[in-house]
Amino acid sequence: MKRYLAILSDMEQKIMDGQYSPGQKLPSVRIAAKLYGCSVSTITRAYAELEKRHAIYSIAQSGFYVVGKPGDLCDNIEGKMIDFASASPDLNVFPYLDFQHCLNKAIDTYKYYLFTYGDSQGLERLRQTLVSHLANSQVFAKAERIFVTSGVQPALEVLAKMPFPNGNSIILAEQPSYDIYLRFLEAEGIPVCGVKRTAAGIDLRELEEKFKSGGIKFFYTMSRYHNPLGTSYSVEERKAIAGLAGKYNVYIVEDDYMADLGGDRCFDPIYAYDRIAHVIYLKSFSKIIFPGLRLGVAVLPERLLETFRTFKRSADTSLLSQAALEVYIKNGMYERHKRKISSQYAARMRTLNEAVQRYNKAGLIEVSDVKSGVYMQFKLPQSINMERLTKRLASRNISVVSGKGFYLSDYLEREKFLRISISRAQLEQIDEGVKAIIEEAGLCSSW
């Protein structure tokens, strides 16, 4: 069998098995080539064939996404599949009509300008609008320090590759952490090491030792609604991390990609406690509006601007999408939609907590204290066979994600857990799903 056909078959199987869910972005051509150990042209050919078969679709300057088959949404609602795995926003809460209006308004407003290459830093009027938008989250910055990016991931890749003023090269990442970024760092051979984070927080003494030992370029952290733990840092932890950054000349890359999904209105990011301009703040709009929008923002210290601009090189985001987002935020639609989606997700998280209390009387699983966002950690006994558990749940039409992939390959102090997402789990499915997980975990732990 030709190499590209084998890769094509594997990708199709993963889509059929739900490992790649409708609307999910596939690995970039370059990353997929490294994962499969083949050339970029082979992956390009496989993706082209998948596109011909209407299994995936492409968005210019963004990537490839899985096509939702007719009936996918209905099947989920009717209870045939309980999806605790997907991190994509719920299709039922996408603001289609509002955003369509904004697209039309953007075309009328910007006209021919939309057909130019644009500024690599992003549409100026959007950046001006973002100044006040970010200030609501205690992120104060002039438009000159704001870059519009095609989501958070491209910004993270640029930061990983560019040099920093401290002259260091090692990236420090929480363990567990964002799996796609960890795989990128390992595939690119970028020096990376881990520091343990649990549902209880982070050991600040261990973190200081890592900073003190030298060589750390930046510390990558999700201060709020952590993926996969779902937890947030306390005020004391956020202040301490900002202080350690200044003390040891280590930069902080704060990925606040779920900033608008929770009900915690008193949360100030680490950025708000930064006194010496050592925090880079990242935010995504994909989790609030829809993944295909592929828009994010990076707020950078003055001394990093030109280096970031050089490594970013070109305008990698659609001017039309940027213009539509500017209209969407400025007209108050974003705030209205944010309140709506936050309310719905909070209701699902309450139901999840109630179901755990109802069925976990024996204390088989440990859960993180999460009331907002979309993720929760179900920590399991070390005796449980995770592969067997996930297969048994799949046979009951329950989709879950093992925590194994959220660690660096050589990191050994791993907790055994499931990452539970309520993003696509319908409210009426959650109780049944939690009951089944605890039942199956009990059976697997007794084997």
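The values are calculated or read from the model by the stated rules, or taken from the named source; none is laboratory data. Being a predicted model, the structure only gives us computed values, none of them experimental. Cβ coordinates were reconstructed from backbone atoms using ideal geometry, including for glycine residues, and neighbour counts include every protein chain displayed. Calculation scope for accessible area: heavy atoms of the full protein, side chains included, ligands and nucleic acids excluded. Shrake-Rupley method; radii C 1.70, N 1.55, O 1.52, S 1.80 Å.
Which ranges mark the helices (runs of 4 or more DSSP H) fully within region 1-111 that have 1 or more residues being surrounded by fewer than 13 Cβ atoms within 10 Å (Cβ to Cβ), within 23 Å of the chain's Cα centre (by Cα) and at pLDDT below 80? Explain how you work it out, then say what you get.
Numbers: elements: 3-17, 29-36, 40-52, 72-77, 96-110.
Passing ranges, in order: 3-17, 96-110.
I need the full set of residues from region 317-341 which are in contact with a Lys or Arg (Cβ under 9 Å, 6 or more places away or on another chain) and modelled with pLDDT under 85, in order please. Correct list: 317, 318. Within region 112-144, the residues that satisfy the criterion of being open to solvent by 50 Å² or more (accessible area, probe 1.4 Å) and part of a helix (DSSP H, G or I) are 112, 113, 115, 124, 125, 128, 132, 144. Are any residues in region 304-343 among the hydroxyl-bearing types (Ser, Thr, Tyr), in a helix (DSSP H, G or I) and buried (at least 17 other Cβ atoms within 10 Å of the Cβ), and if so, which ones? Passing the criteria: 321, 328, 334, 342.
For region 185-237, a residue qualifies if it is within 22 Å of residue 375 (Cα to Cα) and in a helix (DSSP H, G or I), and the qualifying residues are 235, 237.
Assessment of region 302-315 against the conditions (within 17 Å of residue 137 (Cβ to Cβ) and under 22 Å from the mean Cα position of the chain (by Cα)) yields no matching residue. Among the residues of region 202-221, those identified as surrounded by 24 or more Cβ atoms within 10 Å (Cβ to Cβ) and within 20 Å of the chain's Cα centre (by Cα) are 219, 220, 221. Looking across region 388-435 at every residue that is assigned to a helix (DSSP H, G or I), within 26 Å of residue 261 (Cβ to Cβ) and out of contact with any helix residue (DSSP H, G or I) (no Cβ under 6 Å at 6 or more places or on another chain), the one that is most open to solvent (accessible area, probe 1.4 Å) is identified as 404. If you go through region 145-172 and keep only what is farther than 27 Å from residue 215 by Cβ and in a loop (DSSP other than H, G, I, E, B), you end up with 150, 151. Could you list all residues from region 145-185 that are under 15 Å from the mean Cα position of the chain (by Cα) and open to solvent by 20 Å² or more (accessible area, probe 1.4 Å)? Residues satisfying the conditions are 153, 154, 157, 178, 179, 180, 183. Every condition in (1) assigned to a loop (DSSP other than H, G, I, E, B); (2) of a type outside the set (Phe, Trp, Tyr); (3) under 17 Å from residue 229 (Cα atoms) holds for residue 384 except the one numbered (3).
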